[in-house]
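The values are calculated or read from the model by the stated rules, or taken from the named source; none is laboratory data. The structure presented is a predicted model; accordingly, all values stated were derived computationally and were not measured. Because the Cβ atoms are built from the backbone with ideal geometry, glycine has one as well, and the counts that use them run over all protein chains shown. Heads up: the accessible areas ignore ligands, DNA and RNA and are worked out on the full protein's heavy atoms, side chains in. Shrake-Rupley method; radii C 1.70, N 1.55, O 1.52, S 1.80 Å.
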Amino acid sequence: MRNAATIRTTCPRDCYDACGIVVKTSTDGTINVVGDPEHDVSRGALCGKCSIGYNGVWRDSNVRLTRPLKRTGAKGAGSFAPVSWEQALGDIADRLNAIRKRDGAAAILQTHYTGTCSLIAGTFPLRFFNRIGATEVDPDTVCNKAGHVALQLMYGESTRGFDPRTIDGSNCVMIWGANPSVSAPHVHQYWLGESRAPKIVADPIRHETAAAADIHLQLYPGTDGALAFAMLHVIAAAGLIDRTFLGAHAQGWDEIECQLPACTPAWGEAITGVSAQLIERAALLYATGPSLLWMGQGFQRQTLGGNAMRAVGLLPAATGNIGKYGAGFLYLNGWDTRGIDADYLTAAHLKPASARSISHMDLAHRLESPETKAILTWNNNIAVSSPEQQRLRRALEREDLLQVTLDLFQTDTANYADYVLPAASFLEFDDVVMSYFNASISAQVKAVPAIGEALPNQEIFRRLAAAMGLTDPELFETDAEMIATLLDQAKPGLIFDTLARAGTIPYPAEPVVQFERHDYRTPSGRITLSGSAFVDAGLPRAPFASAEARPANGELRLLSPASKWLMNSSFGNDPKVLKQLGEDAAFVHPDEAQARGIAEGARVRVGNSTGAITVRLSVSADVPRGVLLTYKSRWAANGVGSNVNALNPGRKADLAESCAVHSINVSVAPA
């Protein structure tokens, strides 16, 4: 009989919340993972998917990968046999070294994203890939790259957002293109729910956060630029443009202002579908301020996503809602806001000048090319989450392509691998977590032993580096050494034991005003609203009132956000989560169903020139006319076959080769 134990740790999922967790191990060995009641965010409860998953498949040795596996059958068939770590890494090392010598390191692709967001497990493998000069599939191009680059051009950076603690000084909170009720359920419940500031939500879908808002601007997808310009028209007409602020801290406003007279609220209503009255109310409420603007990642996933982000990004500068308490904007709060040196984490100095990256939009094409000899996937599930799904899966069937996959589970992607390497879960090793919303530093504390022979990402790549004969010390720095360095960068004198006892500490200790010193890291030192830098990036000099053409010939605009029961594709193999998800469904406005003579619950074919899926139709007034909503990231292994990415042609946005997944049109017909 063992002693009962309680360990405090932190959830590192790709979520704004970064919840505190308590892992309770009873005397009979039963493990229970719950929300930390003393944590400011979780307050004793986890979201539904994490509560199920961490007490389900995350600890199930019958589901988890426990030993390295070598493929024994056709690619995609899921036929494998266990092998030793020594055998697996030895063969992988020999084959990678041969490719480097014969074809060059550019022939090796590596793809990753946010399977875990802890600092070491999420970045250490990049040291290995930087050292060998592999081609990176740029992770942000499948998600939020256009928004990052647009804000970097305007404000000099994209990862220094408002401090959420300053909401007590706000008279308005506007959320544009984000759904906290799904992507940040604790933020939705507490941070938003407990604030008395009026809320504005701009989103095509009437989700829980939008329904709870004081004003919901339910715009048609792809009209964000037009809505922003209509709001700027109202603000200018009311004399609320902060010309003193613009004169002191910005440049290029004249190229925007000349466009505003034509962008009346009535024009905005005709373009966006939002009533002129609501446009006026929202614009005046936001401009009066102090106001916070949360810019989500959803609305920049469109053909004109870079312009849309620029247009919405005008609002804080035009109204002077920057540099004062209770004001500012947020896209993400990066580790740099807590003193972390990203180049140290990734050993960027090891990367040769010849190394290149590609967009996720080009991944299927690159996998088809005989010039690509190997792909290593870690922290993501490309057979589920990447564009051109059928084309990509066919390319993964190449017998001459070496594929190595690291994961906790036998995912759809792992089924195509030559070797599958078992990764440890966050419950099984120490690390550091920094929320990309709250100003905090958290300890990820090892709470349970690893299952079987599973190893953390970083240890797998240490061992692979050794097997390849690499000797650079950066490739072998231990977790303890890295944790000590990271905490010293963030808060000199902070040690892991101290942080582990606290679980999470606010850092900086006191609320920070975004751009309080107006230290904009642009070439001019000022906010850049228009100019040649945008032309160099492939955009017009000035942002404009963009509105994408609406679908024709009876087609609908496809929106494919995350489900509340999945985190990208994580949790997609837990039976209890699958029960919550139910049958894959598509949601349309009642008028769209009636026009097509399709009843609630009918099986329908949703398709375009790229592919097709069959789902159950559900009718909902929460979806605007002209739109079809279905959720992403279902696994083929669970009987789905193809998910919504079968419809994704991989077209690029106007900036940074980022995705335009919310600019896809589809037809709907009875199956």
**Item:** Candidates Thr377, Thr411, filtered to the one that is closer than 29 Å to Ser609 by Cα, among the β-branched types (Val, Ile, Thr) and either outside any loop (DSSP other than H, G, I, E, B) or open to solvent by 10 Å² or more (accessible area, probe 1.4 Å) (or both)
**Value:** Thr377
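For (1) more than 30 Å from Gly48 (Cα to Cα); (2) outside any loop (DSSP other than H, G, I, E, B), each residue gets a yes or a no:
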site: Pro561; (1), (2): no, no
site: Asn573; (1), (2): no, no
site: Asp591; (1), (2): yes, yes
site: Ser609; (1), (2): yes, no
site: Pro624; (1), (2): no, no
site: Ser642; (1), (2): no, no
**Request:** For residues that are more than 20 Å from Ala545 (Cα to Cα) and charged (D, E, K, R), scanning just the range 235-266, find the one that is surrounded by the fewest Cβ atoms within 10 Å (Cβ to Cβ).
**Result:** Arg243
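Just checking, which of Ala202, Ala197 is touching a Phe, Trp or Tyr at 6+ places or on another chain (Cβ under 6 Å), open to solvent by less than 20 Å² (accessible area, probe 1.4 Å) and within 30 Å of Asp40 (Cα to Cα)?
Checking each option against the conditions leaves just Ala202.
Does Ala287 satisfy the criteria of being under 21 Å from Met154 (Cα atoms), surrounded by 15 or more Cβ atoms within 10 Å (Cβ to Cβ), modelled with pLDDT of 95 or more and touching a Ser or Thr at 6+ places or on another chain (Cβ under 6 Å)?
The answer is yes for Ala287.
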**Request:** Please state which of the following conditions Ala467 fails to meet, knowing it meets all the rest: (1) open to solvent by 30 Å² or more (accessible area, probe 1.4 Å); (2) more than 27 Å from the chain's Cα centre (by Cα); (3) within 27 Å of Trp58 (Cα to Cα).
**Result:** (3)
**Verdict on Asn307 being part of a loop (DSSP other than H, G, I, E, B), at pLDDT 95 or above and of a type outside the set (Val, Ile, Thr)** = no
**Request:** Go through the range 434-458 residue by residue and tally those that are among the hydrophobic types (A, V, I, L, M, F, W, C), in contact with a Leu (Cβ under 7 Å, 6 or more places away or on another chain) and outside any loop (DSSP other than H, G, I, E, B).
**Result:** 2
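Yes/no matrix, rows are residues, columns are (1) in contact (Cβ under 8 Å) with a residue 24 or more places away in the chain; (2) polar (S, T, N, Q); (3) in a loop (DSSP other than H, G, I, E, B):
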site: Trp267; (1), (2), (3): yes, no, no
site: Ile271; (1), (2), (3): yes, no, no
site: Val274; (1), (2), (3): yes, no, yes
site: Gln277; (1), (2), (3): no, yes, no
site: Ala287; (1), (2), (3): yes, no, no
site: Phe299; (1), (2), (3): yes, no, no
site: Ala311; (1), (2), (3): yes, no, no
site: Leu314; (1), (2), (3): yes, no, no
**Message:** Can you pull out every residue in the range 80-103 that is under 18 Å from Leu396 (Cα atoms) and touching a helix residue (DSSP H, G or I) at 6+ places or on another chain (Cβ under 9 Å)?
**Reply:** Phe80, Ile92, Leu96, Ile99
**Request:** Collect the residues in the range 485-500 that are open to solvent by 60 Å² or more (accessible area, probe 1.4 Å) and touching a residue at least 12 places away in the same chain (Cβ under 8 Å), keeping them in residue-number order.
**Result:** Lys491
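Just give me the residues in the range 131-142 being in contact with an Asp or Glu (Cβ under 9 Å, 6 or more places away or on another chain) and open to solvent by 10 Å² or more (accessible area, probe 1.4 Å), in sequence order.
Result: Arg131, Asp138.
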**Fill in**
Note: among Gly582, Gly597, Gly531, Gly538, just one is surrounded by 15 or more Cβ atoms within 10 Å (Cβ to Cβ), out of contact with any Ser or Thr (no Cβ under 6 Å at 6 or more places or on another chain) and of a type in the set (Gly, Ala, Ser), namely Gly531
**Prompt:** Which residue pairs have Cβ atoms under 6 Å apart, sit 6 or more places apart or on different chains, and have a first residue in the range 137-165 that is of a type in the set (D, E, K, R) and a second that is crowded, with 21+ Cβ neighbours inside 10 Å and part of a loop (DSSP other than H, G, I, E, B)?
**Reply:** Lys145/Ala656; Lys145/Ser658; Asp163/Ala439
**Asked** Quick one: how many residues across the range 213-234 are open to solvent by 50 Å² or more (accessible area, probe 1.4 Å) and in contact with a strand residue (DSSP E or B) (Cβ under 7 Å, 6 or more places away or on another chain)?
**Response** 1
**Request:** Evaluate the range 72-79: report whether one residue or more is more than 15 Å from Phe426 (Cα to Cα), in contact (Cβ under 8 Å) with a residue 12 or more places away in the chain and touching a Ser or Thr at 6+ places or on another chain (Cβ under 7 Å).
**Result:** no
**Prompt:** Quick one: is Val41 aliphatic (A, V, I, L, M), in contact with a Cys (Cβ under 7 Å, 6 or more places away or on another chain) and surrounded by 17 or more Cβ atoms within 10 Å (Cβ to Cβ)?
**Reply:** yes
**Prompt:** Would you call Asn438 under 24 Å from Leu499 (Cβ atoms), touching a residue at least 24 places away in the same chain (Cβ under 8 Å), open to solvent by 30 Å² or more (accessible area, probe 1.4 Å) and in contact with a Pro (Cβ under 9 Å, 6 or more places away or on another chain)?
**Reply:** yes
**Message:** Need the failing condition index for Gln110 against (1) in a helix (DSSP H, G or I); (2) more than 25 Å from Phe437 (Cα to Cα), just the number.
**Reply:** (1)
**Message:** So, in the range 341-370, how many residues would count as being in a loop (DSSP other than H, G, I, E, B), closer than 30 Å to Ile441 by Cα and open to solvent by 10 Å² or more (accessible area, probe 1.4 Å)?
**Reply:** 2
**Message:** Being open to solvent by less than 50 Å² (accessible area, probe 1.4 Å), at negative phi and either touching a residue at least 40 places away in the same chain (Cβ under 8 Å) or of a type in the set (D, E, K, R) (or both) narrows it down to one residue among Leu46, Leu65; which is it?
**Reply:** Leu65
**Fill in**
The lone condition Arg391 fails out of (1) in contact (Cβ under 8 Å) with a residue 40 or more places away in the chain; (2) open to solvent by 10 Å² or more (accessible area, probe 1.4 Å); (3) over 15 Å from Gly73 (Cα atoms) is (1)
**Message:** The conditions are (1) buried (at least 18 other Cβ atoms within 10 Å of the Cβ); (2) part of a strand (DSSP E or B); (3) not acidic (Asp, Glu), and Asn32 fails exactly one of them. Which is it?
**Reply:** (1)
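For the range 130-187, what are the residues that are in a helix (DSSP H, G or I), hydrophobic (A, V, I, L, M, F, W, C) and over 22 Å from Cys659 (Cα atoms)?
Ile132, Ile167, Val187
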